[in-house]
Amino acid sequence: MATKFIFVMGGVSSSLGKGILSASLGKILQARNYRVTIQKFDPYINVDPGTLNPYEHGECYVTEDGAETDLDLGHYERFLNVYTSKANNVTTGKIYKTVIDKEREGAYLGKTVQIIPHITDEIKRRMLLLGKGRKYDIIITEIGGTVGDIESTPFVEAVRQLQWELPKEDCLVVHLTLVPFLAAAKELKTKPTQHSVRMLQQAGVNPDIIVCRTEHPLNTSIKKKVALFCNVMPEAVIQSMDAPSIYENPFLMMKEKLDVIVLNKLGLKVAQAPDLADWRAFLKKIYHPKNQVDIALVGKYVELQDAYKSILESFVHAGAVNECRVNVHTIQSEYLNEENVEEKLAGYDGVLVAPGFGERGLEGKIKAVQYVREHNIPFFGICLGMQMAVVEFARNVCGLKDAISTEMNYPTTNPVIDLMEEQKSLTIKGGTMRLGAYKCVLKEGTLAYKIYGSKTIFERHRHRYEFNNVYLPLMQKNGLVFSGKNPDTDLVEIIELPVHPFYIGVQFHPEMKSTVARPQPIFVAFVKAAIEYGKNKGK
Ligand code: GLN
């Protein structure tokens, strides 16, 4: 069977949920036993989102092979439970870089290098790339941005060309639009969808399926109207209603028969019934929890939920395992200080200190760690959160008053967190952190060993600074346990404090590997500890 290509493009407005639609479609096709992967093409000129502030596009998601990618890849992995890779996220910057590098090498000698065909050829090459090697039956490509944006025009043009070049049954275009409800008129309006489809058609692309985001159900006459104006069959007009959980979306899409329509158009068998029993059980646990806990997420990007997307989703997965609703409350670390830390944190069942970069909000994070350490509140520190736990322990337990990470421009004689040797000579910022999955060996008898139930683990990284091993003996003497280390470099990966009921800090990003099918073990254990803590408090 030839690999099939599905393109998902958005119209009318951004933030309609192309990522969730792509992930949900991928899920229901996978549940019918097709091998699926999803890739994202982003129109911006950055080579990758690694150099972007989280306020721009939300969290930067890291793949197993060390690519810094768009946060939608997190959704793809969480839904499909299949690793994505460097090849799954392409930006305009990457495309142009390849073409310009080739031009300099002389690959186009004598020719004028142009958007069509050179840029579009490179876009098409990358769109088809994951189809090589027959690893997947279906490849879904989400195109970032909205149809009509100047920036996404070359991507739309590449899809137009592929619609003609690929056999008709191997290529399909899904257009996601908005059908707004006008309260004053009490009416759903299809005009924005008509315009958006027309714009797509002007670019030469004919959508096969139109998915309409709507707050009210679409009746048959509205579906017929959209179908009539947009050259699709009425059954190919799909309603996509808001749901309390994004994880319900595969069921909503299945109810609309999106999978059946897609498979029919691609000439694939529909015979096999989808198997979503585990997914259904997971959703039931989310909707009917037996407990609830309140967790404080201490960070500095709290104004934007997407900045901590993977952490929030990891709590959903870990909550389901524990049959517990995890209410995550974000706390701005910039405003945390000696005077208010008790008032701000005392009521929580657990505190997670978030990853991050730079000085802003740093002292607040250190105060938060001190408070939870001294008050036996379950603590989980991730990356910068772990580094600040080390700083706090060095300052307040080991007596190294000026301890800090050298990332911060503070004068210090105790750089307990320091730049890795190989980082010192680097001048280029993009793609040069310690990135992707690294091996970590766990010490038997520790909390980490108990949590993972195995000696060797692989977790993903994204940082430049590390625990400074010069300070290891002193900290060990004072009770800190170094329960996970990289066996090749001896770098510290996990710290814990056995005198505390639950205190763990990790240099890696465990949140990047939590999926519905494989909830991340530390998150699961942390939620469990928070439930215990709450019960003991009389919750
Ligand atoms: N800024 C720290 C470093 O680069 C931590 C990074 C992070 O939290 N991801 O080491």
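The values are calculated or read from the model by the stated rules, or taken from the named source; none is laboratory data. Predicted model only: the values in this text are computed from it and were never measured. Here the Cβ positions follow ideal geometry from the backbone for every residue, glycine too, while neighbour counts run over all protein chains shown. Heads up: the accessible areas ignore ligands, DNA and RNA and are worked out on the full protein's heavy atoms, side chains in. Shrake-Rupley method; radii C 1.70, N 1.55, O 1.52, S 1.80 Å.
Cβ-Cβ below 7 Å, separation at least six or inter-chain, first residue in region 119-145 and open to solvent by 20 Å² or more (accessible area, probe 1.4 Å), second among the basic types (K, R) and modelled with pLDDT of 95 or more: which pairs?
K135/R35; Y136/R35; D137/K4; D137/R35
If you check T427 against the conditions, is it outside any helix (DSSP H, G or I), in contact with a helix residue (DSSP H, G or I) (Cβ under 8 Å, 6 or more places away or on another chain) and either more than 12 Å from the ligand (Cβ to nearest atom) or of a type outside the set (K, R) (or both)?
Criteria not met by T427.
When you go through (1) buried (at least 19 other Cβ atoms within 10 Å of the Cβ); (2) farther than 29 Å from E323 by Cα; (3) in contact (Cβ under 8 Å) with a residue 60 or more places away in the chain one by one for G431, which number turns out not to apply?
G431 satisfies every listed condition except (1).
Looking at Y503 and the list (1) away from the ligand (no atom under 16 Å from the Cβ); (2) open to solvent by 20 Å² or more (accessible area, probe 1.4 Å), which single condition is not satisfied?
The failed condition is (2).
Per-residue answers, yes or no, for (1) free of Cβ contacts under 8 Å to residues at least 40 places away in the same chain; (2) open to solvent by less than 40 Å² (accessible area, probe 1.4 Å); (3) farther than 30 Å from V328 by Cα:
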residue: P355; (1), (2), (3): no, yes, no
residue: E359; (1), (2), (3): no, no, no
residue: K365; (1), (2), (3): no, yes, no
residue: F380; (1), (2), (3): no, yes, no
residue: Q387; (1), (2), (3): no, yes, no
residue: N396; (1), (2), (3): yes, no, no
residue: G399; (1), (2), (3): yes, no, yes
residue: D402; (1), (2), (3): yes, no, yes
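Collect the residues in region 133-171 that are part of a strand (DSSP E or B) and either touching a Phe, Trp or Tyr at 6+ places or on another chain (Cβ under 7 Å) or not hydrophobic (A, V, I, L, M, F, W, C) (or both), keeping them in residue-number order.
Matches in region 133-171: I138, I139, T141, E142, I143, G144, G145, T146, C171.
Mind telling me which of the residues C171, C212, C230 ends up being at pLDDT below 95 and under 21 Å from V147 (Cα atoms)?
Only one candidate passes the filter, namely C230.
Taking the stated definitions as given, is P498 away from the ligand (no atom under 16 Å from the Cβ), loosely packed, with under 15 Cβ neighbours inside 10 Å, over 20 Å from F523 (Cα atoms) and not β-branched (V, I, T)?
In short, no.
I'd like the residue in region 455-493 that is open to solvent by less than 40 Å² (accessible area, probe 1.4 Å) and closer than 19 Å to P519 by Cα and, out of all such residues, is nearest to the ligand (Cβ to nearest atom).
It comes out as H461.
Hey, does region 385-392 have a residue that's away from the ligand (no atom under 16 Å from the Cβ), farther than 21 Å from G66 by Cα, β-branched (V, I, T) and modelled with pLDDT of 95 or more?
Checking region 385-392: not a single residue is away from the ligand (no atom under 16 Å from the Cβ), farther than 21 Å from G66 by Cα, β-branched (V, I, T) and modelled with pLDDT of 95 or more.
Among (1) touching a residue at least 40 places away in the same chain (Cβ under 8 Å); (2) part of a loop (DSSP other than H, G, I, E, B); (3) farther than 17 Å from V8 by Cα, where does A184 come up short?
Every condition holds for A184 apart from (1).
I'd like the full set of residues that are in contact (Cβ under 8 Å) with a residue 40 or more places away in the chain and acidic (D, E), limited to region 434-470.
Of everything in region 434-470, those that are in contact (Cβ under 8 Å) with a residue 40 or more places away in the chain and acidic (D, E) turn out to be E459, E466.
Quickly run through region 408-417 and pick out the residues that are within 10 Å of the ligand (Cβ to nearest atom) and either free of Cβ contacts under 8 Å to residues at least 40 places away in the same chain or closer than 24 Å to V481 by Cβ (or both).
I417
For residues in region 331-353 being over 22 Å from the mean Cα position of the chain (by Cα) and of a type in the set (S, T, N, Q), which is surrounded by the most Cβ atoms within 10 Å (Cβ to Cβ)?
Per the criteria, the residue is S333.
To keep it simple, each residue is scored yes or no on (1) touching a residue at least 24 places away in the same chain (Cβ under 8 Å); (2) among the hydrophobic types (A, V, I, L, M, F, W, C); (3) open to solvent by 10 Å² or more (accessible area, probe 1.4 Å).
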| residue | (1), (2), (3) |
| --- | --- |
| D70 | yes, no, yes |
| L73 | yes, yes, no |
| K97 | yes, no, yes |
| R104 | no, no, yes |
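Residues that are among the aliphatic types (A, V, I, L, M): find the strands (runs of 3 or more DSSP E) completely inside region 445-539 holding 1 or more of those.
Ranges flagged: 456-463, 481-485, 492-496, 503-506.
If you check K450 against the conditions, is it of a type in the set (K, R) and away from the ligand (no atom under 12 Å from the Cβ)?
yes
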